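Structure, as structure tokens:
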Amino acid sequence: YRAISYTWDNQPRDRYILIDGKVLWVTRNCDVILRRMQKQKQFLIWIDAICISQANTDEKSAQVPLMGQIYSNAMKVIAWLGDATVG
């Protein structure tokens, strides 16, 4: 699998993706990186906003300490800092 790390930057969850026919609200950065990854060959991905229920405090408390291991075991880790800005 490929693990994706990206910035949340206090972005609202105002974009949605469909997973198994169900709507999941995500941030703009999450949406952008997933759409870019979609253009590549199929592979498994791990992304915290999808793989960890953000509404479940118990699940987050159990999963967040495992993130180092999740990233270490990934075939590839992709860091997404957002779109480039011209200054």
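The values are calculated or read from the model by the stated rules, or taken from the named source; none is laboratory data. If you're wondering where the values come from, they're calculated on a predicted model, not measured in any experiment. A quick note on method: Cβ atoms are made from the backbone with ideal geometry, for glycine too, and the neighbour counts reach across all protein chains shown. Each accessible area value is taken on the protein alone, full model and side chains, heavy atoms only, with ligands, DNA and RNA left out. Shrake-Rupley method; radii C 1.70, N 1.55, O 1.52, S 1.80 Å.
Please give the number of the condition Y16 fails out of (1) part of a loop (DSSP other than H, G, I, E, B); (2) under 13 Å from the mean Cα position of the chain (by Cα); (3) farther than 20 Å from L81 by Cβ.
Going through the list (1) part of a loop (DSSP other than H, G, I, E, B); (2) under 13 Å from the mean Cα position of the chain (by Cα); (3) farther than 20 Å from L81 by Cβ, Y16 breaks only (1).
Given Y6, Y16, which one is touching a helix residue (DSSP H, G or I) at 6+ places or on another chain (Cβ under 7 Å), aromatic (F, W, Y) and surrounded by 10 or more Cβ atoms within 10 Å (Cβ to Cβ)?
On the way: Y16 fails: touching a helix residue (DSSP H, G or I) at 6+ places or on another chain (Cβ under 7 Å).
Unique residue meeting the criteria: Y6.
When the range 19-28 is examined, which residues are found to be of a type outside the set (A, V, I, L, M, F, W, C) and either closer than 13 Å to I50 by Cβ or surrounded by 13 or more Cβ atoms within 10 Å (Cβ to Cβ) (or both)?
Once the filter is applied, which keeps residues that are of a type outside the set (A, V, I, L, M, F, W, C) and either closer than 13 Å to I50 by Cβ or surrounded by 13 or more Cβ atoms within 10 Å (Cβ to Cβ) (or both), the range 19-28 yields D20, K22, T27, R28.
Looking at (1) in a loop (DSSP other than H, G, I, E, B); (2) open to solvent by 70 Å² or more (accessible area, probe 1.4 Å); (3) not acidic (D, E), which one does Q11 not meet, given that it meets all the others?
Here Q11 clears every test but (2).
Can you tell me which of (1) within 14 Å of Y1 (Cα to Cα); (2) buried (at least 16 other Cβ atoms within 10 Å of the Cβ); (3) not hydroxyl-bearing (S, T, Y) is the one A49 doesn't meet?
(1)
Give the range 62-82 a look and list any residue that's modelled with pLDDT of 90 or more and open to solvent by 80 Å² or more (accessible area, probe 1.4 Å), or say none.
If the condition is that a residue be modelled with pLDDT of 90 or more and open to solvent by 80 Å² or more (accessible area, probe 1.4 Å), then P65, Q69, S72, N73, M75, K76 are the ones that fit.
Looking at (1) outside any strand (DSSP E or B); (2) exposed (fewer than 13 other Cβ atoms within 10 Å of the Cβ), which one does D31 not meet, given that it meets all the others?
(2)
Rundown of residues vs (1) in contact with a Lys or Arg (Cβ under 7 Å, 6 or more places away or on another chain); (2) among the β-branched types (V, I, T), yes/no style:
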{"site": "S5", "(1), (2)": "no, no"}
{"site": "D9", "(1), (2)": "no, no"}
{"site": "V23", "(1), (2)": "no, yes"}
{"site": "N56", "(1), (2)": "no, no"}
{"site": "E59", "(1), (2)": "no, no"}
{"site": "Q69", "(1), (2)": "no, no"}
{"site": "I78", "(1), (2)": "yes, yes"}
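Out of (1) hydroxyl-bearing (S, T, Y); (2) farther than 18 Å from D14 by Cα; (3) at pLDDT 85 or above, the odd one out for T85 is which?
Only one criterion in (1) hydroxyl-bearing (S, T, Y); (2) farther than 18 Å from D14 by Cα; (3) at pLDDT 85 or above is unmet by T85, namely (3).
Could you check the range 62-77 and list, in sequence order, the residues that are of a type in the set (G, A, S) and within 21 Å of F43 (Cα to Cα)?
G68, S72, A74
State whether one or more residues within the range 34-54 are hydroxyl-bearing (S, T, Y), modelled with pLDDT of 90 or more, in contact with a helix residue (DSSP H, G or I) (Cβ under 9 Å, 6 or more places away or on another chain) and assigned to a loop (DSSP other than H, G, I, E, B).
No; the residues of the range 34-54 include none that is hydroxyl-bearing (S, T, Y), modelled with pLDDT of 90 or more, in contact with a helix residue (DSSP H, G or I) (Cβ under 9 Å, 6 or more places away or on another chain) and assigned to a loop (DSSP other than H, G, I, E, B).
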